């Protein structure tokens with residue numbers, strides 16, 4: 001019964017999100033079409049990304065999906081046909097509050113613990129506001145996937161395009177470790193200067209370091225990671 005109630009609540013939340021998010025999504029699309037006219041394909045301030053026509057086209061597709069509420073309709077359909085989806089548990093809620101606070105809307109977050117794609121590919125992944133995996137998930141991987149939900153809530157469905165682009169890049173998930181991160185922080189770079197997979201990796205490593213720091217080196221490293229994590233609030 002509890003599962004049915006949480007499922008109905010999730011569906012209701014998504015029906016409410018469609019009209020409430022429509023204005024901001026429409027504005028994103030309008031500004032997206034105006035940007036090449038006003039400034040050409042240059043840096044996109046919100047994402048610190050060098051834009052080109054391919055990027056612009058990819059972003060257009062996902063902006064249009066958002067305007068028509070496709071993420072929410074997908075999630076509603078998923079709820080109706082899949083009984084493996086649940087709310088977050090107490091431990092997961094603790095992680096959300098500790099590392100994301102109000103940056104992630106935990107009331108709309110859902111968990112799929114028996115995802116077939118995740119089982120086949122042996123991965124965890126995010127579909128909009130849902131974390132998908134099979135069986136169990138490590139806390140640090142959970143944090144990594146939460147970053148992608150944060151990206152979706154901040155930027156919309158284009159997180160899919162830029163996460164995919166990051167995976168295909170030479171850098172991939174590798175942000176260079178603590179030394180590169182320290183150099184980036186000292187030169188004024190923030191979390192959003194890194195690609196979308198590097199962002200998730202940085203916060204994942206922040207969690208690992210924070211949960212295990214017991215020596216001086218780790219404590220000094222925490223200062224750098226703390227500065228990077230503040231970049232999440234910069235985009236609030």
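For residue 154 and residue 77 in one chain, what is 0.36 nm times their gap in residues minus the Cα-Cα distance, to one decimal in nm?
The residue 154-residue 77 span can extend by a further 25.4 nm.
How much length is gained on full extension from residue 164 to residue 37, taking 0.36 nm per residue of separation minus their Cα-Cα distance?
43.1 nm
Stretched out fully, how many nm does the piece from residue 178 to residue 26 gain, at 0.36 nm a residue minus the Cα gap?
Difference between extended and current length: 50.8 nm.
Please state, to two decimals, what the Cα-based radius of gyration of the chain comes to when divided by 2.2 N^0.38 Å (N = residues). Walk me through the intermediate numbers first.
On the way: Rg = 18.3 Å, N = 236, 2.2 N^0.38 = 17.5 Å.
Normalised Cα radius of gyration, the chain: 1.04.
What shape does region 66-171 have by the C-alpha gyration tensor, where a ≥ b ≥ c are the square roots of the eigenvalues, rounded means a/c under 1.5, and otherwise prolate means a/b greater than b/c and oblate the rest? Intermediate results must be reported in sequence, preceding the final value.
On the way: a/c = 1.13, a/b = 1.08, b/c = 1.05.
It is rounded, given that a/c, with a ≥ b ≥ c, falls under 1.5.
Express the relative contact order of region 2-234 as a whole percentage, based on alpha carbon pairs under 8 Å and six or more residues apart in sequence.
Computed value for region 2-234: 17 percent relative contact order.
FRET efficiency for residue 102 and residue 9, Cβ-Cβ distance as r, R0 = 22 Å, nearest 0.05?
Result of the calculation: an efficiency of 0.65.
In nm, to one decimal, how far is the modelled label at residue 53 from the one at residue 84, with both set 7 Å along Cα→Cβ?
It is 4.2 nm.
Taking only Cα atoms and a 10 Å spring cutoff, compute GNM fluctuations for the chain and point out the largest among 127, 114, 169.
169
Under the rule a/c < 1.5 gives rounded, and otherwise a/b versus b/c splits prolate from oblate, where does region 98-160 land using the Cα gyration tensor?
Because a/c hits 1.5 or more and a/b exceeds b/c, region 98-160 counts as prolate.
We did not get these values from a lab; they are worked out from the coordinates using the rules stated. Everything quoted here is computed from the prediction, not taken from an experiment. Virtual Cβ from ideal backbone geometry, glycine too; neighbours counted across all protein chains shown.
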